[in-house]
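A short worksheet on the structure shown next.
Just so it is clear, none of the values below were taken in a lab; they were calculated from the coordinates. What you see is a predicted model, and the numbers here were worked out from it, not measured in a lab. Here Cβ is always computed from backbone atoms with ideal geometry, including for glycine, and neighbour counts include all displayed protein chains.
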Amino acid sequence: MKQYGLLIAFICITNLLSHGQGSKKSFRDELTVSLNRTVQLNKGIEPRYSFGFGAKHIFMANKIANILLGVEYNCIRFHSSFYYQGLYYGTADLNYKLHYLSVPLGIRINLQDNPTVFVETGVYMDFILNSNVQGTTHIFIPSKYGGYINSKEIDESIPIESNTGIYFAAGVKIPISKFELLIKPDFKLGFAPHIDRYTFCNHYFRLNLGVSF
């Protein structure tokens, strides 16, 4: 409940600041879609591609330094070939999928105009919407007769807490008529460890494409 209270506070702040802008030139909005890819999290973890989309409000858009506040949806996927349960290790073929509602708050520094080249950094909160794992595990269980392999099909939700972290980005905005085409790669570095059959932190790259208006 505390996490969703923070989300509501973010939305309220965005609304208040939007109505407080006195000039249309002093703020802009951005709509983006992204190609997401996880990084190598742990031994036995393979990155996978996914997607996301979002909207941001840009404050002080007519200045060199801008403030950004937004709301995004991010889907994160990865594959596991390593499995741990109690005292036993085994192999696995598991596919994880995490669905996040993300709230980024950042600062953008514009380095040049026409086209606008910029760098950006900030903090974010990933509120977990849903998390699921599907696949098969094969665990060797020793016994006095030499042991046996226990195979199990899995298709279940997993208890994962919301994530917080920092992000880094660089990009370019290209003027096109009344809009600007936005191209921005970024990297999100998560701090909150997720504990399931092993511990990992959720870090991922994104390639963002969008429009600024």
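Between Val71 and Phe179, the modelled labels are 2.1 nm apart [label points 7 Å from Cα along Cα→Cβ].
Remark: the range 120-128, residue by residue, has Karplus-estimated 3J(HN,Hα) of 8, 8, x, 10, 8, 10, 9, 8, 6 Hz, where x stands for each Gly or Pro and the curve is 6.51 cos²θ - 1.76 cosθ + 1.60 at θ = phi - 60°.
Around the amide H of Phe82, modelled in the peptide plane, lie the amide H atoms of Ala92, all under 5 Å away and 5 or more residues distant in sequence or on another chain. When Asp126, Asp113 are arranged by Cβ crowding within 10 Å, least crowded first, meaning fewest neighbours, the order is Asp113, Asp126. The H on the amide N of Glu161, modeled in the peptide plane, is under 5 Å from the matching H of Ile195, each at least 5 residues off or on a different chain.
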